Amino acid sequence: MAGDTITAPHPASRTLSRAARDLGLTRGEFDLAVDLGRIRTVPDEGGGGCRVTRAEIDLLCSEQGFPESLRDSVRVVGTREGAAVMEVPATRFTRLARLGLVTPVRFYLNRYRAVVWLYRAAELRQFAAGKDNAHLLSGRTPGELRSRLEAGLALRARDWRGRHLGFLLRRADGPWERAGAVAALLELTQIAEIAEDPYERTHLLRFRPGPPVHGAPGSPAALLAERIMTADDPDEVGRLRGDLTRALAAAREHRPVPRPLPAPVIARSARSHGAPPPTRPERSRGGLLVRLLGRKGRRCEGYKALKSPSCTTDTSSRPFTS
């Protein structure tokens, strides 16, 4: 149709699903590669999200060892496989993860709604190869670390949140998106304490990503994912609150929140443009009484008409009977 402009996708780019197939990756592996910065994306000019240029795909395909090298860089393993990669017992691997020495990159909930943490195999191999970590892989756990474990230390969820925030910030396109990424890890009550203005808070929540999808909204699995997403350590919460305060200040400076104009301002603006002020139609005094009398008069006229000879049987034409 005339006047309609349709922006076609750039011919030298691919959708994310098509790019994943071209690179020999599953969609989960592809998304992790994007989060890690291994694959660069560009905005879709047609408003369809992100795309991958053909030049980026060609560059990745030309790397030495492709596609095994790319696939290995995004390979994730659970506790049992991770222990095998590091050549340690599964119990020791769990202790290292609880201490925050190895950081999960993903998680999912199994059919029993238990959290299964996933780790990059490449990072585990790098940790195991480090000479400074040799005393952590065998022998008795150092006393200071053992006391932390006995006190109930478990840093897997906190470390995952820190890494996930980095992924969200990498995908953010502007100051409000970055502020929303930080707000994703805080409770709504804490957000309200920082963003006290209701218009600003509503605008901020538009850019606040939700937790990874695990089950239908409101389901036990979804609630568990939301709890993992929300910071609960006091030090972590304090740091995130400070980050959100600074991110909001930068977002306000970049683009203030739109606000509705108050009624007096709208009226003054209308008068300045020569528009008459809005008025309510005046009702004539006694209008209700006139209408009531009019109805009563019509009823009376109808009653009189029924009593008139023209509306009754003419008795003069009847035969006289004695």
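The values are calculated or read from the model by the stated rules, or taken from the named source; none is laboratory data. This one's a predicted model, so the numbers in the text were calculated from it and none came from an experiment. Don't worry about glycine lacking a Cβ; one is built from the backbone with ideal geometry, like all the others, and counts go over all protein chains shown.
Points to keep in mind about this one:
- Where residue 81 falls short, out of the listed (1) modelled with pLDDT of 95 or more; (2) over 28 Å from residue 27 (Cα atoms): (2)
- Applying the criterion of at least 2 residues that are closer than 28 Å to residue 101 by Cα to the helices (runs of 4 or more DSSP H) found wholly in the stretch 152-269 leaves 156-171, 175-183, 220-229, 234-254.
- Those residues of the stretch 111-154 which are within 26 Å of the chain's Cα centre (by Cα) and surrounded by 18 or more Cβ atoms within 10 Å (Cβ to Cβ), in sequence order: 117, 118, 119, 120
- Against the conditions (1) in a loop (DSSP other than H, G, I, E, B); (2) at pLDDT 95 or above; (3) in contact with a Ser or Thr (Cβ under 8 Å, 6 or more places away or on another chain), residue 25 satisfies every one except (3).
Residue by residue, here is whether (1) closer than 25 Å to residue 221 by Cα; (2) in contact with a Ser or Thr (Cβ under 9 Å, 6 or more places away or on another chain) holds:
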{"site": "54", "(1), (2)": "no, yes"}
{"site": "63", "(1), (2)": "no, yes"}
{"site": "67", "(1), (2)": "no, no"}
{"site": "70", "(1), (2)": "no, no"}
{"site": "75", "(1), (2)": "yes, no"}
{"site": "81", "(1), (2)": "yes, no"}
{"site": "88", "(1), (2)": "no, yes"}
{"site": "100", "(1), (2)": "yes, no"}
{"site": "110", "(1), (2)": "yes, no"}
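- Selection of the stretch 52-69 for residues being under 29 Å from the mean Cα position of the chain (by Cα) and closer than 15 Å to residue 32 by Cα yields only 52.
- Checking each residue in the stretch 100-123 for being touching a residue at least 24 places away in the same chain (Cβ under 8 Å) and either among the polar types (S, T, N, Q) or over 23 Å from residue 167 (Cβ atoms) (or both) picks out 103, 113.
- Qualifying positions in the stretch 90-111 - of a type in the set (A, V, I, L, M) and modelled with pLDDT under 95: 109
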